[in-house]
1. Using only alpha carbons, build the gyration tensor for the range 1-58 and give me the equivalent ellipsoid semi-axes, biggest first, whole Å.
2. What's the center-to-center distance, using Cα atoms, between the range 235-309 and the range 397-474 in Å?
3. Give me a comma-separated list of calculated 3J(HN,Hα) values for the range 308-313, in order, Karplus coefficients 6.51, -1.76, 1.60 applied at θ = phi - 60°, integers in Hz, x for any Gly or Pro.
4. Sum up the charges of everything whose Cβ sits under 14 Å from the Cβ of Val396, counting Lys and Arg as +1 and Asp and Glu as -1, but leave Val396 out.
5. Quick one: grab the alpha carbon gyration tensor of the range 155-280, order the square roots of its eigenvalues as a ≥ b ≥ c, and give me rounded if a/c is under 1.5, else prolate or oblate depending on whether a/b is larger than b/c.
6. Taking amide hydrogens as modeled 1.01 Å from N in the peptide plane, which residues meet the under 5 Å criterion relative to Thr125, leaving out close sequence neighbours?
7. Per residue of the range 442-454, what does 6.51 cos²θ - 1.76 cosθ + 1.60 with θ = phi - 60° give for ³J(HN,Hα)? Whole Hz please, x for Gly and Pro, Karplus curve as stated.
8. Mind listing the phi-derived Karplus ³J(HN,Hα) values for the range 297-305, rounded to whole Hz, using 6.51, -1.76 and 1.60 with θ = phi - 60°, and x for any glycine or proline?
Amino acid sequence: MIVWFRNDLRLADHAALAAAVEADAKIFPVYILEETVAGRRELGGASKWWLDKSLKSLRSAISQRGGKLICRKGDAEKILRDVVSETGADAVFWGRRYTQPEMDRDADIKKALQDDGIEAKSFNTCLLTEPWSYQTKSGGYYKVFTPYWRAVRSSFEAPDPMQAPETFAGVGIDGDEIESWELHPSKPDWSKGFDEMWTPGEEGAQVRLQDFLDGPIREYEEMRNRPDEDGTSGLSPHLHHGEISPATVWRAVMGRINRGLKEEESAWSFLSEIVWREFSYVLIYHHPKMGRENYDSKFNGMEWRSSKKDLELWQKGQTGYPIVDAGMRQLWTTGWMHNRVRMIVASLLTKHLLLNWTEGEDWFWDTLVDADPASNAAGWQWTAGSGADASPYFRVFNPITQGQKFDQTGAYVRKWCPELKKLPNKHLHAPWEAGSDVLKKAGVELGKTYPRPIIEHKQGRQRALEAWETLKGK
Ligand code: FAD
């Protein structure tokens, strides 16, 4: 039997693997770098970096169990047929995906294999519940998060954990070396700093979860908005690549709650974020073009600006707003950005700079190690105001007060914008308001060592509101 790994690069709690174990068959593990999924977006540079490491970790775990991860590049249908004939396998199992191009491709592959008399079966390996599982009273899908969350919270029970197979087959079957795929960003390769922060793979994911359960979960509710503190789990790239199942996370957290965790509401608040990820999949499943098109079609008439220069200043962390620049530099250096800061930088791009959210989404797609078709589009559309359950357009984040409120200690800005590190907290988030003496003492020369704001806050806000008024009037 072949188990085809995709966005579920783990051995534990993997429904397709568990079904293969149940069938008591030899398991040939396969990974395909697909080149022929019509309409699917190419992987971003940071995602490639992660995939490379994650595949190597999976390869090693499989080889410790006597098998070989068969890696091939090309058309999945052809490759699966080849591996079937080379191994004599009579079945192919895999985990389901939920974007339209991938679902279309998987349906074709399933049919082609079944037509050839090969058993082809898919399973839920990536989500707690699949996008069609919950319906509103009127029979539609949930478009607003809070009632969706309530429905999941009150009814979801994680199934028992599924054991990893003890042995694998595959030795002797041809495959590519992962190294030959050269999965990393190119021109330039900016991933050098990622190693310091991340350990891709199943073990790395387990360590992250344990570290989070042993500490930050207790204060999550309070600290999850604080980029200057280590208050969140950092599990997003592990969840995105399927190195840990969301059910494993759910069970572990519920275990703490059931054992009487004092900070129970904090733990529930964390689980609600896990369900935000699920909700993003509900939205993209029911609105497949959400990755490129406004969920709310009213936004199709929005008169976005076009400015390559402003976009580049934003991408490089040179907007003159310290919290924004810190976030964009954190992203470039580590492949990740804190959620609160993602909202602030996305708001600056779509409101103050009035640039289309797709331009920011593209940048995130290329630079995030957790770049996810559902969560990224949902996050951008939420911030821009064009999403299903979006923050209202007139809510324009103030990058100064957001910085003061959420980077209270200033540690975040000081880490990522070291040229400002000597500024006192009072002026750290608005250096242009500091007097010349203060700036001089801190070694800051505006326009030279650090930029002036790309646009004045009040002016940017006003322009965004006017654009919104024009749109409403259309
Ligand atoms: P924690 O706070 O520890 O949360 C636990 C898990 O819940 C996360 O690992 C993640 O899987 C999920 N989660 C948390 N918040 C959200 C959310 N708002 N939406 C969906 N899932 C969530 N998340 C991605 O995984 N991939 C993306 O491409 C992505 N793009 C985003 C773009 C924008 C503009 C915004 C505002 C948010 C985006 N997010 C994305 C959501 C969120 O920022 C990250 O999931 C979170 O910062 C990951 O850090 P963490 O693992 O420490 O989160």
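1. Values: eigenvalues 123, 39, 16 Å².
In descending order the semi-axes read 25, 14, 9 Å.
2. Using only Cα atoms to place each centre, the spacing works out to 29 Å.
3. Per residue, the Karplus-derived 3J(HN,Hα) values read 4, 5, 4, 4, 5, 5 Hz.
4. Values: positive: Lys351, Arg395, Lys458, Arg461, Arg463; negative: Glu456, Glu466, Glu469.
Surrounding charge for Val396 is +2.
5. Working: a/c = 2.54, a/b = 1.42, b/c = 1.78.
Oblate.
6. Distant-sequence amide H within range of Thr125: Arg96.
7. Residue by residue, the range 442-454 yields 8, x, 9, 10, 5, x, 10, 7, 8, x, 6, x, 5 Hz.
8. Along the range 297-305, the couplings run 5, 3, 6, 5, x, 5, 8, 5, 7 Hz.
None of the figures in this text is laboratory data; all of them are computed from the coordinates on show. All of these numbers come straight from a predicted model, not from anything done at the bench. Glycine also receives a Cβ, built like all others from the backbone with ideal geometry; neighbour counts cover every protein chain displayed.
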